[in-house]
Amino acid sequence: MSVVLDTPIELRPNSSLDDIDIAIRAVYKQVLGNPHMMENERLVTAESQLKNGSITVRDFVRAVAKSDLYRDRYFESCSPYRFVELNFKHLLGRAPLDRSEISEHIRICIEAGYDAEIDSYIDSQEYQEKFGDNTVPYYQGAKSQVGQKQVGYNRTLSLYQGYAGVDSAFKDSRLVEAIATNSGNKITLPSTGGRRGAYKDATEKMFKIVVKGSKFDSPRRSSNTEYVVSGAKMTPQIQRIHRAGGTIVSITEIQ
């Protein structure tokens, strides 16, 4: 099965309203993972700002990625590993390359919050060099990129859903096992039947969260508190820790 990329869409100073409408649809498709959208879910204000030139395509991408629609689909509903791997796919057009990239972005999300995690992609040098202010991010998995290892190419293809696939249909990471063990991915493209394939379910893995300063701790207790949770319950646990005033020291996968 071959993978064919869409032609990159770039807005220019003389772009027509039709051109802008095409770019808006492309941003929704790319950033939201090929969604089935209702008309009332559209970001009307941000669309108007793009049309009147008060914001750039990059600003519109940021607005979509920070919207309740994106947050509900990918932050609130997915495991942390899946959330991060899809941020890479939606905002940089590729998969995360190694464990350090995943860990860094989980750290940003924990320590600085959701908005900072989104900004870390859109404000990156990589984003600037690939897309700048006026090109819609696009999937780049069908071709090897300069300076990218073969494993990155394989992992990006592993995230490919096909033109009919919807990213929000999959809540579990497709790359967690390969990245955690630093092993290569077998390239598995979507079948015509749209079946999921034999991917490792991240919700079955267990994680240890080490916390200090939580209100749940005894006032005289100086040691850290440890929570062991499944991948499926990690996001709610992190949210409870934050509400209790705790500081997450580390998150470690355990078996």
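The values are calculated or read from the model by the stated rules, or taken from the named source; none is laboratory data. Treat the numbers as computed from the prediction; the structure is a model and nothing was measured. Every residue, glycine as well, gets a Cβ built from its backbone with ideal geometry; the counts of neighbours run over all protein chains shown. Quick note on the areas: whole protein, heavy atoms, side chains included, nothing else; ligands and nucleic acids left out. Shrake-Rupley method; radii C 1.70, N 1.55, O 1.52, S 1.80 Å.
List of remarks:
- Filter result (part of a helix (DSSP H, G or I), farther than 19 Å from V61 by Cα and either free of Cβ contacts under 8 Å to residues at least 40 places away in the same chain or of a type in the set (A, V, I, L, M) (or both)) within the stretch 73-100: S100
- Selection from the stretch 57-72 of residues that are assigned to a helix (DSSP H, G or I) and open to solvent by 40 Å² or more (accessible area, probe 1.4 Å): D59, R62, D68, R71, D72
- Selection within the stretch 19-45 - on the phi < 0 side of the Ramachandran plot and in a loop (DSSP other than H, G, I, E, B): L32, P35, H36, M37, M38, R42, L43
- Selection over the stretch 107-120 of residues that are surrounded by 15 or more Cβ atoms within 10 Å (Cβ to Cβ), within 20 Å of R62 (Cβ to Cβ) and in contact (Cβ under 8 Å) with a residue 40 or more places away in the chain gives a count of 3.
- Restricting attention to the stretch 26-41, the residues being exposed (fewer than 15 other Cβ atoms within 10 Å of the Cβ) and under 22 Å from F83 (Cα atoms) number 3.
- Put simply, of S48, S103, S120, S54 the only residue that is outside any helix (DSSP H, G or I) and of a type in the set (S, T, Y) is S54.
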